[in-house]
1. Is it fair to say R399 is within 30 Å of V100 (Cα to Cα) and in contact (Cβ under 8 Å) with a residue 24 or more places away in the chain?
2. Could you check how many residues of segment 79-120 are among the aliphatic types (A, V, I, L, M), under 15 Å from Y355 (Cβ atoms) and either touching a Pro at 6+ places or on another chain (Cβ under 9 Å) or open to solvent by 40 Å² or more (accessible area, probe 1.4 Å) (or both)?
3. In segment 465-483, how many are in contact with a helix residue (DSSP H, G or I) (Cβ under 7 Å, 6 or more places away or on another chain) and of a type in the set (A, V, I, L, M)?
4. Taking segment 306-321 as the region of interest, how many residues are modelled with pLDDT of 95 or more, in a loop (DSSP other than H, G, I, E, B) and in contact with a Phe, Trp or Tyr (Cβ under 7 Å, 6 or more places away or on another chain)?
5. What about A192, is it open to solvent by less than 20 Å² (accessible area, probe 1.4 Å) and under 20 Å from I273 (Cα atoms)?
6. Given the conditions (1) at pLDDT 80 or above; (2) open to solvent by less than 50 Å² (accessible area, probe 1.4 Å); (3) of a type outside the set (S, T, Y), which single one is not true for A45?
7. Being touching a residue at least 60 places away in the same chain (Cβ under 8 Å) and either under 20 Å from L250 (Cα atoms) or among the small types (G, A, S) (or both) is the filter here; which residues of segment 166-186 pass it?
Amino acid sequence: MPLARHVDPDSLIQAIHDNPSKAHKHHLQTKSATSTVTPYSTRYASQQEISKFRIPQQGAPAEAVHQMLKDELDLDGRPNLNLASFVGTYMEREAEQLMVENLSKNMSDADEYPAMMAMHARCVSIIANLWGVQKSEKAIGSATTGSSEAIHLGGLAMKRRWREKRESQGKSYSSPNIIMGSNAQVALEKFARYFDVEARILDVSEESLYRLDPAKVKDSIDENTIGVFVIMGSTYTGHYEPVEEISNILDEYEKETGIDIPIHVDAASGGFIAPFTHAKAGGRKWNFQVPRVKSINTSGHKFGLVYAGVGWIIWRDESYLPRHLIFELHYLGGTEESYTLNFSRPGAQIIAQYYNLIHLGFDGFRNIMENCLANARLLSKALEKTGWYVCVSDIHRKRGEHDYKGAAEIEYGEEGETSAEYNAGLPVVAFCFSEDFKRDYSHVKQESVSTLLRAKQYIIPNYPLPPACASTEILRVVVRESMSLDLLDRLITDIVAVTEQLMNSAPIDLVGFQPGATSIEKQHLSRGVDHTQKHLAERPMKEGVHRTVC
């Protein structure tokens, strides 16, 4: 959630009045419009604005407030057309009903809601088994509010184990560091900054498939490395990072030095994809089958198919979770052990997660994930077939092939094929203008494609690849369960139509698609700038925690 500023209501209202074209008011009717008793006929709707920045002395009728807020929220994008997000926007009616029926249940009240806590424990067990937990080990884990919290917990456990080992050896523990690729999502870098760990962020490249480069890992580790974050599904391009290959490098390093460096796998999206698809992780191990992998996180609210608000963190064995990080809670009559950054949090999402696991089963999840990948391949091939676009993602290329060979070489898939015949990865389509297109239509800005598609209600971001590759900007579509074939067909048609419109426009006509002024409220309320003003940011994109691309 972005940081927001406190504002002086009087100065903001004055600013809005000074800029009436940028004001957003709730004046929907005049005094004489109607006398019918509707939400719009109250004085709050027809004569007086609802207070925004200072609590009103008196309240307003429920129906009026509901209608006014509903009207303002209509300005938001449509969740199903938010193709930028990995977070699920669809659940079955029965799952929604279960969530509504349990909205008031608090996960911190374990003794009061034993049935809910039993479902929580079952989810941990089911997910641990999906990730190859070994019979000789006793996995332990917890639900979290999302992968960000889970990553912080996994990183903190690694830091504490490293510190305890250094203390026992009489060595300094003042300079911990952790390894990650520059394609890391912001939560990984947040962990390092919040918990005083040096983040060694390694550049990715086209040669490394825009993911963590094992060779650079080998050159960057030392005795102060608490662990390596390896990502099962880059949010930029959908590539899986080579967990097993990095593990082998760390094995060799331990043989040479005696230093044992663990791996935490950030499987925010891939944790619910790789176990089910025929492609798996591309023929290599990535989960608890790799002994060096000590903990894994995932987002239940991504391809776990639950609405936003749930993540999971699992350690392969209790011994990898330092005992003194666990709190014993004596609360409301019961005793519970807890290791989380949050206390009170909703329990409905955990119930919904259990519903999905039991209702869909392994085959149901496989069908959904295979369908997402098939649709992503179709979109990728259709875009490259135009000759205008090249995909940076490569789940649509035959297994082991990673290079674009030209529009004429694109072949659509055969009936009955599965993801096993293609490169493993997330159902993500990251694409950009081809070199031929940029040469022939140099006046067309790729960002204009995103802008025009937004006018059709699609939310498809345009942003640069990680710092060393920042000269390349990509458009990105995340293919979720709710991307039906009909919607996919419409999307392809609209991308083609928008691109043709830009190709047929004179340079002077494209000025209107460039970044414009931001709103008065945005200037006053929130830290930072919106996407149309990113060129005015305090720091360039190559610096800071800009990797919020989920």
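1. Details: within 30 Å of V100 (Cα to Cα): no; in contact (Cβ under 8 Å) with a residue 24 or more places away in the chain: yes.
No; evaluated as a whole, the condition is false for this residue.
2. Quick first cut of segment 79-120, residues among the aliphatic types (A, V, I, L, M) only: 81, 83-84, 87, 91, 95, 98-100, 103, 107, 110, 115-119.
Those left that are additionally under 15 Å from Y355 (Cβ atoms): 91, 95, 98-100, 103, 115-116, 118-119.
In the following step, the residues that additionally are either touching a Pro at 6+ places or on another chain (Cβ under 9 Å) or open to solvent by 40 Å² or more (accessible area, probe 1.4 Å) (or both) were identified as 98-100, 103, 115, 119.
Qualifying residue count for the region: 6.
3. Looking only at segment 465-483, we keep the residues that are in contact with a helix residue (DSSP H, G or I) (Cβ under 7 Å, 6 or more places away or on another chain), and these are 473, 475, 477, 479-483.
Narrowing further to those that are of a type in the set (A, V, I, L, M): 475, 477, 479, 483.
Total meeting the criteria: 4.
4. Qualifying residue count, segment 306-321: 1.
5. Working: open to solvent by less than 20 Å² (accessible area, probe 1.4 Å): yes; under 20 Å from I273 (Cα atoms): no.
For A192, the condition - open to solvent by less than 20 Å² (accessible area, probe 1.4 Å) and under 20 Å from I273 (Cα atoms) - is not met.
6. With (1) at pLDDT 80 or above; (2) open to solvent by less than 50 Å² (accessible area, probe 1.4 Å); (3) of a type outside the set (S, T, Y) applied to A45, the lone miss is (1).
7. Going residue by residue through segment 166-186, those that are touching a residue at least 60 places away in the same chain (Cβ under 8 Å) are 181-186.
Within segment 166-186, G181, S182, A184 qualify.
Matching residues to (1) of a type in the set (A, V, I, L, M); (2) at pLDDT below 95:
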| position | (1), (2) |
| --- | --- |
| C432 | no, no |
| V477 | yes, no |
| L485 | yes, yes |
| L491 | yes, no |
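The values are calculated or read from the model by the stated rules, or taken from the named source; none is laboratory data. Every value quoted in this text rests on a predicted model; they were computed, and no experiment measured them. So basically every Cβ, Gly included, is an ideal-geometry build from the backbone, and we count neighbours across all protein chains shown. For accessibility, only protein heavy atoms count, side chains too; no ligands or nucleic acids. Shrake-Rupley method; radii C 1.70, N 1.55, O 1.52, S 1.80 Å.
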